[in-house]
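**Student:** Structure provided below as structure tokens; questions to follow.
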Amino acid sequence: MNFDSILTLSPHATGKQHLPETTPPPPTVILIAGPTASGKSDLALALANRLGADIINADASQVYGDLPLLSARPGDEELAQAAHHLYGHVDGATRYSVGQWSRDVAVTLADCARRQVAAIMVGGTGLYFRALESGLSPIPAVPDAIMRDGMAHYDEMGAEAFAAEVIAVDPPMVRLAPNDRQRLVRAWSVYRHSGTPLSALGQAAPWAGSARPVPPARLVLMPDRNALYDRCDHRFEAMLAAGALAEVAALKARKLSPTLPVMSALGARELMDHLAGSTSLDAATALAQRNTRRFAKRQMTWFRNQTATWPIAPNIDAALERVLDQLPAGIKEARNLR
């Protein structure tokens, strides 16, 4: 599924590539990407207030209902200011995929089109944005037993040796850090199950269909690295103060498979280790902060490489200006924007 088909097809479409004449045109779509803790949710809310737009989640962790604090989902104050979609709508026991997210996005965009409101997609999951713009080849479902084998194999071999084994059969996975357990195990499991490297299955398909009626605005919010790292550290402390440890305790009590995506949420594994008595809260916090900083660094690298043509802004004020500059004149006139 690609951006054109998401904008023009419902989940029950019959293969037609264009909207019926009686269907409203696709909504204006604004794509806001950026690393964790960059302030992109605040940017999306500021834009929504200016445009009267809806906000659609493009972050893989924020789809799950179990960890609203730890995943930094918008709170009640933010939800009261603008309509938010695809946040916390998936149970943690579900292995939610980019394909399922794309189908959910299709429903949401169709609703925005009917109501003639703009849609702001915001998040840090690069694969979601790639699916929107280019589409993805289907990736086969992997049985839980194979995923569990992969987790056990990773723990037995150690991070470096396991990463080397994955890279031997799927060289593009060299981009993953050895401690990126979730993604390395995913790549290992897909190869073992299908005999095909994950990178080959996940290559983007070319654009299809005609040009969009209203080109989407795009932007990557990319703060200074040191400032971003400070934000990561302070935000995790704020999450703990707000009750994130209790969230993780409730998730741990569900005894879900460790291979489920919800279990790889930033900070979840470290806090579970603390709850199991294997580390102090201070040590778990320090490790979670370090891993969050490393994750943010990888996100920054991904967006620089994979969204190289997108405008970049270092802060919300500059980002607002650059997004509004991309909007067609008709949209600005309708919203009395300059």
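**Student:** Restricting the search to the range 252-272, which residues are touching a helix residue (DSSP H, G or I) at 6+ places or on another chain (Cβ under 6 Å) and assigned to a helix (DSSP H, G or I)?
**Tutor:** 252, 264, 268, 270, 271, 272, listed by residue number.
**Student:** Give just the number: which of (1) under 21 Å from the mean Cα position of the chain (by Cα); (2) modelled with pLDDT under 95; (3) open to solvent by less than 70 Å² (accessible area, probe 1.4 Å) does residue 306 not satisfy?
**Tutor:** Only one criterion is unmet by residue 306, namely (3).
**Student:** Looking at the range 137-157 only, could you name the residues that are in a loop (DSSP other than H, G, I, E, B) and farther than 16 Å from residue 182 by Cβ?
**Tutor:** Start the filter on the range 137-157 by keeping residues that are in a loop (DSSP other than H, G, I, E, B), which leaves 137-143.
Hits for the range 137-157 are 137, 138, 140, 141, 143.
**Student:** Residue by residue through the range 185-242, note down the ones that are surrounded by 14 or more Cβ atoms within 10 Å (Cβ to Cβ), out of contact with any Leu (no Cβ under 8 Å at 6 or more places or on another chain), within 30 Å of residue 316 (Cα to Cα) and at pLDDT below 90.
**Tutor:** Across the range 185-242, the qualifying residue is only 214.
**Student:** Output the number of residues of the range 313-323 satisfying the condition of being in contact with a Lys or Arg (Cβ under 8 Å, 6 or more places away or on another chain) and either open to solvent by 10 Å² or more (accessible area, probe 1.4 Å) or basic (Lys, Arg) (or both).
**Tutor:** From the range 313-323, those in contact with a Lys or Arg (Cβ under 8 Å, 6 or more places away or on another chain) are 313, 320; that's our starting set.
Pick out the ones that are also either open to solvent by 10 Å² or more (accessible area, probe 1.4 Å) or basic (Lys, Arg) (or both) and you get 320.
Result for the range 313-323: 1.
**Student:** Now, a different point. Any idea which residue in the range 71-95 is most open to solvent (accessible area, probe 1.4 Å), counting only those that are hydroxyl-bearing (Ser, Thr, Tyr) and modelled with pLDDT of 95 or more? Let's see the steps before the verdict.
**Tutor:** Taking the range 71-95 first, the residues hydroxyl-bearing (Ser, Thr, Tyr) are 71, 87, 94.
Filter again for modelled with pLDDT of 95 or more, leaving 71, 87.
Details: 71: 16, 87: 39 Å².
That would be 87.
**Student:** Condition test on residue 41, is it closer than 21 Å to residue 129 by Cβ, at pLDDT 95 or above, open to solvent by 40 Å² or more (accessible area, probe 1.4 Å) and under 16 Å from the mean Cα position of the chain (by Cα)? Break it down into steps so the answer makes sense when it comes.
**Tutor:** On the way: closer than 21 Å to residue 129 by Cβ: yes; at pLDDT 95 or above: yes; open to solvent by 40 Å² or more (accessible area, probe 1.4 Å): yes; under 16 Å from the mean Cα position of the chain (by Cα): yes.
Answer is yes for this residue.
**Student:** Quick one: residue 114 ticks every box in (1) open to solvent by 30 Å² or more (accessible area, probe 1.4 Å); (2) in a loop (DSSP other than H, G, I, E, B) except a single one, so which number is it?
**Tutor:** Result: residue 114 fails condition (2) only.
**Student:** Next up: Just checking, which of 114, 50, 73 is over 25 Å from residue 319 (Cβ atoms) and either more than 14 Å from the chain's Cα centre (by Cα) or not aliphatic (A, V, I, L, M) (or both)? Before the answer, list the steps.
**Tutor:** Details: 50 fails: over 25 Å from residue 319 (Cβ atoms); 73 fails: over 25 Å from residue 319 (Cβ atoms).
Answer to the check: 114.
**Student:** Additional query: What number of residues within the range 213-249 are over 22 Å from residue 289 (Cβ atoms) and either of a type in the set (Lys, Arg) or part of a helix (DSSP H, G or I) (or both)? If you could, list the steps in order and put the result at the bottom.
**Tutor:** Of all residues in the range 213-249, those over 22 Å from residue 289 (Cβ atoms) come to 213-220.
Subset that is either of a type in the set (Lys, Arg) or part of a helix (DSSP H, G or I) (or both): 218.
Count: 1.
**Student:** Scan the range 110-122 residue by residue and report those that are in contact with a strand residue (DSSP E or B) (Cβ under 6 Å, 6 or more places away or on another chain) and not β-branched (Val, Ile, Thr). Even if it seems obvious, please write down each step before you answer.
**Tutor:** Kept after step one, since they are in contact with a strand residue (DSSP E or B) (Cβ under 6 Å, 6 or more places away or on another chain), are these residues of the range 110-122: 112, 117, 119-122.
Residues satisfying the conditions are 112, 119, 121.
**Student:** Among (1) surrounded by fewer than 20 Cβ atoms within 10 Å (Cβ to Cβ); (2) part of a helix (DSSP H, G or I); (3) modelled with pLDDT of 95 or more, where does residue 289 come up short?
**Tutor:** Only one criterion is unmet by residue 289, namely (1).
The values are calculated or read from the model by the stated rules, or taken from the named source; none is laboratory data. Note that the structure is a prediction, hence the values are computed from the model and not measured. Ideal geometry is used to build each Cβ from the backbone, glycine not excepted, and the neighbour counts take in all protein chains shown. The area values use the complete protein model at the heavy-atom level, side chains included, leaving out ligands, DNA and RNA. Shrake-Rupley method; radii C 1.70, N 1.55, O 1.52, S 1.80 Å.
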